[in-house]
Amino acid sequence: MIVRTGLAVLDREGLDALTMRRVARELDTGPASLYVYVAHREDLMAAMLDEALARVPLTAQGTWREQLHALVAAAVEAMGRHEGLAAVALGAIPTGDNALLILDRMLGLLKQGGLDDVTAAWAVDLLHLHMAAAAAEHSARVARGGDEGGAVAAADRRYAALPADRYPMIAAMRPALFSSGDRDAWGLDVLLNGILGTPAR
């Protein structure tokens, strides 16, 4: 109940409003009663992150790469929909029940891809960083109102106005810089191809 209330406060009022006192007030109790269950705000946020990850389906359809793509996309979406939770993931080793289920599934999929144990273990560290960073970017867009198209258009106008003599590569490659496509899927493929071709030493 404390964790779900924390998520509700976070989503409704934002990260700055998420305090132990605010959550306690929502539960009609005092902050001291929360400390029986969570040590501090960071502990609460870690539990909130794991609760958010409960939404990630552990699918078993498609090739191992397709399943990994779906798993990563779902984890990014689950973390990114709540302001500030991706930052918690960036600085932590997964230890919550739901995070461990995702970790276990990722290891299994990487082993299906033919990786040795050490390479698979190192790969999940790299993929965890990728997911947390992508989720942080998504969360930042949501916090700004989700107008990604407007931000891209504004950046495109700024780049178009740059003097070509000072920024020759940006001027020449502006269409490519703003080209459309599934960059998230491409980025994950880049990582996976690199992981497959680079055994851990």
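The values are calculated or read from the model by the stated rules, or taken from the named source; none is laboratory data. Since the model is a prediction, treat every value here as computed from it, not as a measurement. Don't worry about glycine lacking a Cβ; one is built from the backbone with ideal geometry, like all the others, and counts go over all protein chains shown. Just the protein is used for accessible areas: all its heavy atoms, side chains included, with ligands, DNA and RNA removed. Shrake-Rupley method; radii C 1.70, N 1.55, O 1.52, S 1.80 Å.
Right, residue 52: buried (at least 16 other Cβ atoms within 10 Å of the Cβ), hydrophobic (A, V, I, L, M, F, W, C) and in contact with a His (Cβ under 7 Å, 6 or more places away or on another chain) or not?
yes
Please determine, by comparing only the residues of region 135-155 that are touching a Leu at 6+ places or on another chain (Cβ under 9 Å) and surrounded by 15 or more Cβ atoms within 10 Å (Cβ to Cβ), which one is modelled with the lowest pLDDT.
Ranking the candidates gives 139 first.
Could you list all residues from region 162-171 that are loosely packed, with under 11 Cβ neighbours inside 10 Å and under 33 Å from the mean Cα position of the chain (by Cα)?
Matches in region 162-171: 169 only.
Filter the helices (runs of 4 or more DSSP H) completely within region 104-201 down to those with at least 2 residues that are closer than 19 Å to residue 94 by Cβ and not hydrophobic (A, V, I, L, M, F, W, C).
Helices (runs of 4 or more DSSP H) meeting the threshold: 117-143.
If you scan region 55-76, which residues turn out to be among the small types (Gly, Ala, Ser) and either open to solvent by less than 40 Å² (accessible area, probe 1.4 Å) or touching a helix residue (DSSP H, G or I) at 6+ places or on another chain (Cβ under 6 Å) (or both)?
Those that are among the small types (Gly, Ala, Ser) and either open to solvent by less than 40 Å² (accessible area, probe 1.4 Å) or touching a helix residue (DSSP H, G or I) at 6+ places or on another chain (Cβ under 6 Å) (or both): 74, 75.
Please enumerate the residues belonging to region 13-34 that are open to solvent by 40 Å² or more (accessible area, probe 1.4 Å), under 23 Å from residue 82 (Cα atoms) and touching a helix residue (DSSP H, G or I) at 6+ places or on another chain (Cβ under 9 Å).
13, 15, 19, 21, 25, 26, 27
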